[in-house]
Structure formats: structure tokens, C-alpha cells
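Peer 1: First the structure, then my questions, so here it is.
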Amino acid sequence: MTSEEASDDQTFAKPQEARVTHIDLNLAMDFDANTIGGTATLDILAAAEASEIILDSNGLRVSAVTDEAGNALKFNLGETAEGKGEPLTIQLPAQKLERNSELTEGELAPTHRIVVEYMSAPEAEALQWLGPEQTAGGEHPFLFSQGQAINNRTWIPTQDSPGIRQTWEATISAPEPLNVVMSGVLQGDPEAEDGNRRDFRFVMNNAVPPYLIAIAAGNIEFRELGPRSGVWAEPEVIEAAAQEVGDTEAMIDAGIALFGDYRWGRYDMIVLPPAFPYGGMENPVMTFLTPTFIAGDRSNNGLVAHELAHSWSGNLTTYSSWRDGWLNEGVTSYFENRIVEEVYGKERAEQEYALSYAGLVGGIDDSGADNPATAMRTPDTISPFDTSGFAIYDKGTVFLRTVENIIGREKFDAWLTQWFDSHAFEPVTSEMFLADLRAKLIGDDDELENRLMLDEWVYGTGLPENAWKPDSEAFAEVDGAISAYAGAGTLPDADAWRGWTAAEQRRFLDEIPQELSGEQLLALDTTLGLSQTANNEVLFLWLEAALSNEYDPAVPQAERFLARVGRNKFVSPLFTALNETDWGKPIAQRIYAETRSGYHAYTRGNVDETLQYEAPS
Ligand code: BES
Ligand code: ZN
């Protein structure tokens, strides 16, 4: 990990000098103060001449740092850099650790151990503290974390870089009756302590990038799905959640059959309150999910396949810097589609691929084919977080589908399986990926090398000409209906519409003319029942169309939706749609003033920028 491509410019750590190998957290949650605090005991591997270690912090309140015996160590919190936080520099103890005889081969023998006593700030970006009114039950508070990308430094003092893998364990105290889950394996039953509180213990024995350490607490219960899997949710939601994710065991089997062993033991999920700003997050052994994917018919389950697929791409093999976003997300989106094909069949997988392909083409059209934000590997000229989502997810999917089709599925699958296996629990780079492909599948076959256009895909902008197109049959029926509507204004038959897959309905709403009159919107809604749909992806497209076209009757529903849902993918574009017209601007300001405080810092940051919102001081 000493190569230039592997280096992460978002960490203050100098891992070649001293790095964290293991974290032991001992923390208590405080739902009155919205803080979590206690100690983090860090095992460190330091070079012989190193005298200090640099950790990442962002607003941590550090009260002391000691060695194991409690002797104070000098520490210093440096200047804050926008977005990155501040370096926490700690003098290493004079006392070195004995070599631990329990270490198995290949494990790193730490040289030092330090204890950081600290507390998170109430505004810590990684943590969202929900009041009871933001939960389904309405009676108990809720907490969840979101570490990716560089937020965990707001609640864990460690080296917060995807290439610096660490094992961890944690003891967490929470008030009754809340249950705590983490992205580690729960050890036994929680232990009662004083003051109506309970201690939960977790262990993660696989070294993980620190953005994958995650926690949630609430009035949640567990429902078993199968021998390896289960789901947590509030009692009000658990039934619907368990129904929706009922294909999880089949998905795990499909993942294993496709690309090799599942190496994490269990695969559990938690369905969070709707304030969760993402669709899902691949926290090991405990995927975090938005409740908005629940449609009653498993039609949005690509999300579950996606987070599960990260158990290979992302969590097992991890990008070593944020500039290689596609290595996690693009490979995972491709893998997701393969799982969908196995579990739900080729037709559905091909439709979802076609949606992804259209998203890519549309994204490149909008941003320009020479835009550096359309390169899969983020170039040094822009921020590592500025590559467009479609260039990471959809371009990554189309890239691997293209390679698969040129190489042949059987050969390509074998290659990808060995890629995950030979880099298990390791950081990887675009360069390594391409070098391994070349070494094992291309050799000196120049003709094949030219046909693949690997460098153009990874480093180039726009859409390479060899891109594998989706089967035009995938949406044949819908595309006919789109032409009929765009031409003579003929609406699809209501029964036909109801028989369409969610992907087909989305295709229709994506592709019909964007400018619609009030009459047309009314007809669409009346005939197709758009505002009644149980699928939030479809509902979102309806609301977006309605708001962009200044359709008054949709405002109350949009308002209720925006008050309830915090998922950035839905919230940001709806505010953007409103903000684009004189009609919508005041509506956006009025709604946002009401809903802003319920949003996660990530969603809030995006909408603040769109609306140029100045928080009242
Ligand atoms: N790991 C991502 C979420 C993420 C990415 C958080 C980058 C922070 C920074 C997760 O696996 C993801 O991709 N979620 C998608 C799911 C979708 C593509 C099926 C989402 O939340 O919409
Ligand atoms: Zn993902």
C-alpha cells in the first residue's frame, strides 16, 4: 500500500510510521446529550524509530490519553481542515507490548497500546439521534451511525482510512429497553448494569476498514430468516421487513455460487427509521437499510442483493482510497445484477441492467463526455468525492458486463472469484485490478487487449464505444407504450400498467416527455394510480414529474413524503425540482423550514446547497 495510487489524501494518518491494528471501544450512549463517550483502547504497530502516532478526529472531545497503566501521554489536536477534521497526534508510550503468543500467523503483532478517553460532539456527522417522533413506535429514541465515507472520525478516534484495516471489539452501554446492534458479532446476552442500563458486547475478528464500524440502537426486535440470516426492526415494521427480505438466504447462496465463500459468518440486516439518508449501507454482518425499499412485493430487493454483494466487493476487497469508488460500488452493482439474475431471473436482471445503462447514458449526456467527473477512477484534478454516482455505479456495471461478454462468462467468473479470494481482507487499487486482469486473462493477446479498452473505461471520461448494450427486448412492451404516449398521447391500459414490473413502470416514467400539463398529470395519476403506488421508487418519480411541472394537487403529498423520508436520493431531487421554478421556490423554502431538522447531516448538506439555505442563527 505504498504506491502513489493507493494513497488516501483524506486521512492525517502516516500508516508507514505507526498504525492502528485493533480497537477496543468501551462507550456509553447518552440520549439526553446526544453523545456517546468512554474509552478507545488502540493497539498500534509502530516502526522502530516512531515516537508518535497520528489519528483522525473530527470534533472529538478528548479528555485524556494514557498508556495501559494509566500514565498520561502527551496529545495534541491540530488545526481543523474543512471536511477532514483535525489530526490527533499522540506520543507513544515508552513501554512496548510483549509479543502476544495468541496471535495467529499473519496477524500483526502490535508494539504499543494506548487508551483514549473521549466523547463525541452532539453534532457528530456519523451519528443521527432521532427523537421518538421520528420512529415508527413513537415512544423511544433511536440512534444510528453512518461511517462511510470519512464520518467515523466524529465518534471513533482512529486512523479513518479505507486502506488501514483494523479488527475491533466493543462494549456498549444503552438505556433499557433499547437493543443495540453493531457491524460485529454480538457476544451472548446483554448484561444489566446500574441505572436501568444494559451492556452489549460485540467482536469483529476480521480486519475491516474503519468506515465499516457501525452502530444502531432503538426499540428493535429480531426476526430469524434462515440459518445464517435475520432482520432487526421496530415491532411496528418487523413483519413487513421480514416479508420483504424473505429471499435473503437464496441471495447468499447465489452470491457464494457465483463468486466464492461468504466469509463473515452471519448476514443480518436492520431496517432503520426513514431518516436514514441512504438506501442501504453494507456494514459487515449487519446491513443497514432504509424502510422506503419496502414495497410489499420485493420489487426493490436489488438493494438487498447490492449490500450483500459488498460482502465480497468492498468489505473483503476494499478500495484503498476514495478515488477508486468504482472498485467498491461498480463491482458491487455488477455483482448485484448477477444475484438478481439468479434469484429473480434473467428478464428482471436485464430490465434492471437497462435502467442502469440508461442512467449512465443520461448522466454522461447531462455532464458532458469530457467531464472529469465521468471517469471511474477519480482524477487527481478533482476531489475524491466529486465523481458522479452514475460514473461509479452504472459505468462500473456496464464496464464489467462488457468485459464479461468479451471474455466469456465462465472465464470471467473464475477470474473474479480468484480476485476476491486472493485479495481477501486487503486493500486494492484500479491498477491492481487491471494488472491482474491482464496477467490472467489477456496475456500477450493484443487483439483482445484492444477490444477490451480497459484504460479508457477506468481512466477515460464518457462512454467507451464497446459498451455492452442492454437487450432491446427487455423493455419492448414499455418502449412501445412510451412512443404511443409521446406520439398520440395514448395512456397505457390501467390493467397492463398494474401488470408491469416496477422496473417497467420506472422506465415509463423516466422516458415519457418531461414537460406535462396539469391535465396530462391528472390523467396519468387517475388512470395509473401513481400517487397510490406502494413502491417508493415509482412514487418518487411521480412526485418529481408533478413538482417539475408545477402541479398544485401533488404538493400536500410531496410535503408528507418529505416530512417522513430522509433518504437523500428522494429528498434532494424533489427540492431541486421545486427550486427550479418561481412557483416551486417558495414551496421548497416553506417545506424545508419544517423538515430540515429531521434530516441527516448528509441530506441536509445537499439540500442546504441546492436551496442556498441559511440556517437561522
Ligand atoms: N456504500 C454505499 C453507500 C455509500 C456510498 C455511503 C458512498 C457513503 C458513501 C451503499 O452500498 C450503496 O451503494 N447504497 C445505494 C444502494 C443502491 C445502489 C442499490 C443507496 O443507498 O442508494
Ligand atoms: Zn454500494
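Peer 1: As an exercise, use a Förster radius of 25 Å and the Cβ-Cβ distance of Ala250 and Ala523 to find the FRET efficiency, rounded to the nearest 0.05.
Peer 2: My answer for the efficiency is 0.05.
Peer 1: Once label points are set 7 Å from the Cα along Cα→Cβ at both Tyr613 and Thr581, what is their separation, rounded to one decimal in nm?
Peer 2: Placing both labels 7 Å along Cα→Cβ, they lie 2.1 nm apart.
Peer 1: To continue, here is another question. Mind listing the long-range amide H neighbours of Trp468? Cut-off is under 5 Å, sequence gap 5 or more, other chains count too, H placed in the peptide plane at 1.01 Å from N.
Peer 2: Residues meeting the criterion, in which the H sits 1.01 Å from N, are Thr402.
Peer 1: Write down the percent of antiparallel bridges among all DSSP beta bridges whose residues are both part of the chain, to the nearest 5. Kindly include the intermediate steps, with their values, before the conclusion.
Peer 2: Details: 68 of 87 bridges.
Once the DSSP bridges in the chain are tallied, antiparallel ones form about 80 percent.
Peer 1: What is the local net charge at Gly78, summed over the other residues whose Cβ is closer than 14 Å to its Cβ (Lys, Arg +1; Asp, Glu -1)?
Peer 2: Numbers: positive: Lys14, Lys74, Lys84, Arg153; negative: Glu52, Asp56, Glu79, Glu82, Glu86.
So the surrounding residues net to -1.
Peer 1: In whole Hz and in residue order, list the ³J(HN,Hα) couplings for region 387-400 that follow from phi through the Karplus curve 6.51 cos²θ - 1.76 cosθ + 1.60, θ = phi - 60°; x for Gly and Pro.
Peer 2: Each residue of region 387-400 in turn: 5, 5, x, 5, 6, 8, 7, 6, 5, x, 4, 5, 4, 5 Hz.
Peer 1: So if I take the centroid of the Cα atoms in region 545-617 and the same for region 281-350, what is the distance between those two points in Å?
Peer 2: Each part reduced to its Cα centre gives a spacing of 28 Å.
Peer 1: Before I look further, what does the chain give for accessible area per residue, probe 1.4 Å, in whole square angstrom? Display every interim value, and only then the final one.
Peer 2: Values: 25030 Å² over 617 residues.
In whole numbers, the chain has 41 Å² accessible per residue.
Peer 1: Using 7 Å Cα-to-Cβ label points, what is the Glu79/Arg438 separation (nm, one decimal)?
Peer 2: 4.1
Peer 1: When the C-alpha atoms of the chain are aligned to their principal axes, what extent does each axis show, in angstrom, from largest down?
Peer 2: Over the chain, Cα extents along the principal axes are 82, 64, 47 Å.
Peer 1: Near Lys346, which lysines are there with a Cα under 27 Å away, not counting those fewer than 8 places off in the same chain?
Peer 2: Lys395, Lys411, Lys469, Lys569
Peer 1: For region 104-181 and region 65-95, compute the distance between their C-alpha centroids and round to whole Å.
Peer 2: First find each Cα centre; the distance between them is then 19 Å.
Peer 1: Which of rounded, prolate or oblate describes region 462-617 when judged by the alpha-carbon gyration tensor and an a/c cut-off of 1.5? Please report the intermediate quantities before stating the final value.
Peer 2: Details: a/c = 2.14, a/b = 1.57, b/c = 1.36.
It is prolate, given that a/c is not under 1.5 and a/b is the larger ratio.
Peer 1: Using the Karplus curve 6.51 cos²θ - 1.76 cosθ + 1.60 with θ = phi - 60°, work out ³J(HN,Hα) for each residue of region 215-224 in order, rounded to whole Hz, and write x for Gly and Pro.
Peer 2: 9, 8, 8, x, 7, 10, 10, 10, 10, 6
Peer 1: Also, I was wondering about something else. Using a probe of 1.4 angstrom, how much of the accessible area of the chain is carbon and sulfur, in percent? Walk me through the numbers before you get to the answer.
Peer 2: On the way: 11540 of 25030 Å².
Carbon plus sulfur share of accessible area: 46 percent.
Peer 1: Let me ask you something else. Between region 421-466 and region 205-264, what is the separation of their alpha carbon centroids in Å?
Peer 2: So the separation of the two Cα centres works out to 32 Å.
Peer 1: For Ala126, enumerate residues with amide H under 5 Å from its amide H, sequence gap 5+ or separate chain, H modeled in the peptide plane.
Peer 2: Thr154
Peer 1: Once the other residues with Cβ under 13 Å from the Cβ of Trp583 are scored (Lys, Arg +1; Asp, Glu -1), what is the net sum? Could you put the intermediate results ahead of the total?
Peer 2: Values: positive: Lys585, Arg590; negative: Glu550, Asp552, Glu580, Asp582.
Summing Lys and Arg as +1 and Asp and Glu as -1 gives -2.
Peer 1: Let me ask something additional. Could you give each residue of region 518-532 its phi-based ³J(HN,Hα) in whole Hz, using Karplus coefficients 6.51, -1.76, 1.60 with θ = phi - 60°, and x for Gly or Pro?
Peer 2: So the Karplus estimates, Gly and Pro as x, are x, 4, 5, 5, 4, 5, 4, 5, 5, 6, 9, x, 4, 6, 9 Hz.
Peer 1: Check Asp247: other-chain or 5+ apart residues with amide H under 5 Å from its amide H, H built from backbone geometry?
Peer 2: The answer is none.
Peer 1: Let me ask something else about it. With a ≥ b ≥ c taken as the square roots of the eigenvalues of the C-alpha gyration tensor of region 309-357, please select rounded if a/c is under 1.5 and otherwise prolate if a/b is larger than b/c or oblate if it is not?
Peer 2: Numbers: a/c = 5.77, a/b = 1.93, b/c = 2.99.
Here region 309-357 falls in the oblate category.
Peer 1: A further question on this structure: Summing -39500 (n - 2.57) over the DSSP H runs of n ≥ 4 in the chain and dividing by its residue number, what mean residue ellipticity at 222 nm do you reach, to the nearest 500 deg cm²/dmol? Kindly include the intermediate steps, with their values, before the conclusion.
Peer 2: Values: 20 runs with 223 residues, N = 617.
-11000 deg cm²/dmol, from helical runs alone.
Peer 1: Once both labels are modelled 7 Å past Cα along the beta-carbon direction, what's the Ser597-Glu224 spacing in nm?
Peer 2: 4.4
Peer 1: Shifting gears a bit: Report, to the nearest 10°, how far helix 325-344 tilts away from the longest principal axis of the Cα atoms in the chain, using its own Cα long axis and a range of 0 to 90°.
Peer 2: 60
The values are calculated or read from the model by the stated rules, or taken from the named source; none is laboratory data. Predicted model only: the values in this text are computed from it and were never measured. Every residue, glycine among them, receives a Cβ derived from its backbone with ideal geometry; neighbour counts consider all protein chains shown. Note: accessible area is taken over every heavy atom of the protein model, side chains too, but ligands, DNA and RNA are not part of it. Shrake-Rupley method; radii C 1.70, N 1.55, O 1.52, S 1.80 Å.
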